[in-house]
Amino acid sequence: MKIGVLALQGAFREHRQMLERCGCEVIEVRRPHHLEEIKGIIVPGGESTTIGKLLNDWELMEPLRQKGQEGFPIFGTCAGMIILAKEIAGSQQPRLALMDIRVIRNAYGRQVDSFEMPLAIKCLDKTPFLGVFIRAPYIDQVGPNVEVLASHDDKIVMVRQGNLLACSFHPELTKDERVHRYFLSLIG
Ligand code: GLN
């Protein structure tokens, strides 16, 4: 199966390696025509303002938004989750605005810039998944069509809305393939 990783900025190499371990052929997406070759795409962590700007500059914003609206599977991690959100607290930065979620950027404050936390994820087996959070956002509001897959301390950190999946943390920085395999299962 050919899967894309948006490769404009951020942690796309780690996603690539994880997807290859899961047996996928990976296309690094930088141009609109790359979207035609793939069955789904991961929008990686990085800096969401930069990724949003580059999506516009490289003329990927509109075609990717349209595909997302038509049921194309998109998985956003960390900054990628911000890019998928309809609402970003206090920001009008460019984004796909596909998911009915409100995100708070850099929401954990400076003292806990980065941390790890075992998470119970609803769509996986019972073994906790190690969430690696790096200047992470969280979700404080979701629409009725959004399924919450993981949260801790009242903070929502993983959600699904049909073909769209998003999480606050970085599953590509672990050796645990379960979250990526779950995304691939949505593609079928
Ligand atoms: N803080 C970053 C942002 O707001 C996200 C951090 C990350 O992706 N690791 O874009």
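A short reminder: the numbers here are calculations on the coordinates, not readings from a lab. As the structure is a prediction and not an experimental result, all values here were calculated from the model. All Cβ positions, glycine included, derive from the backbone under ideal geometry; neighbour counts span all protein chains shown.
Of note:
- Amide H contacts under 5 Å for Ile88, placed H, 5+ residues apart: Val103
- Amide H contacts of Ile27 (H built 1.01 Å from N, under 5 Å, at least 5 apart or other chain): Ile3, Gly4, Val5
- The phi torsions of the range 59-74, fed into the Karplus equation with coefficients 6.51, -1.76 and 1.60 and a -60° offset, translate into couplings of 6, 9, 4, 5, x, 6, 4, 4, 4, x, 5, 8, x, 5, x, 10 Hz, rounded to whole numbers, with Gly and Pro shown as x.
- Note on the chain: helix-only mean residue ellipticity at 222 nm, from DSSP H runs of 4+ residues weighted -39500 (n - 2.57) and normalised by residue number, equals -7000 deg cm²/dmol.
- Considering only the chain, percent of DSSP beta bridges that pair antiparallel, nearest 5: 55 percent
- The GNM of the chain, with springs linking C-alpha atoms under 10 angstrom apart, assigns the highest mean-square fluctuation among Asp125, Asp140, Asp176 to Asp125.
- The shape of the range 61-157 comes out oblate: with a ≥ b ≥ c from the C-alpha gyration tensor, a/c is at least 1.5 while a/b does not beat b/c.
- Rounded to whole Hz, the Karplus (6.51, -1.76, 1.60) HN-Hα couplings of the range 175-186, x for glycine and proline: 9, 8, 8, 5, 5, 4, 5, 5, 4, 5, 5, 5
- Share of pairwise Cα-Cα distances greater than 27 Å in the chain is 18 percent (whole percent).
- Theoretical FRET efficiency, 1/(1+(r/R0)^6), r = Cβ-Cβ of Lys126 and Leu186, R0 25 Å, to 0.05: 0.75
- Cα-based shape type of the range 116-188, given that a ≥ b ≥ c are square roots of the gyration tensor eigenvalues and the cut on a/c is 1.5: oblate
- Fewest-first ordering of Met117, Met158 by other beta carbons within 10 Å of each residue's beta carbon gives Met117, Met158.
- When both the range 90-143 and the range 144-188 are represented by their alpha-carbon centers, they are found 10 Å apart.
- Table column - 3J(HN,Hα) (Hz), the range 159-164, Karplus curve with 6.51, -1.76, 1.60, x for Gly and Pro: 9, 9, 9, x, 7, 10
- GNM on the chain, alpha-carbon springs under 10 angstrom: the most fluctuating residue among Gly46, Gly68, Gly23 is Gly23.
- Placed amide H near Leu130: partners under 5 Å, 5+ positions off or other chain: Leu119
- For the pair Ser114 and Glu59 in one chain, pulling the backbone fully straight at 0.36 nm per residue adds 16.6 nm over the alpha carbon distance.
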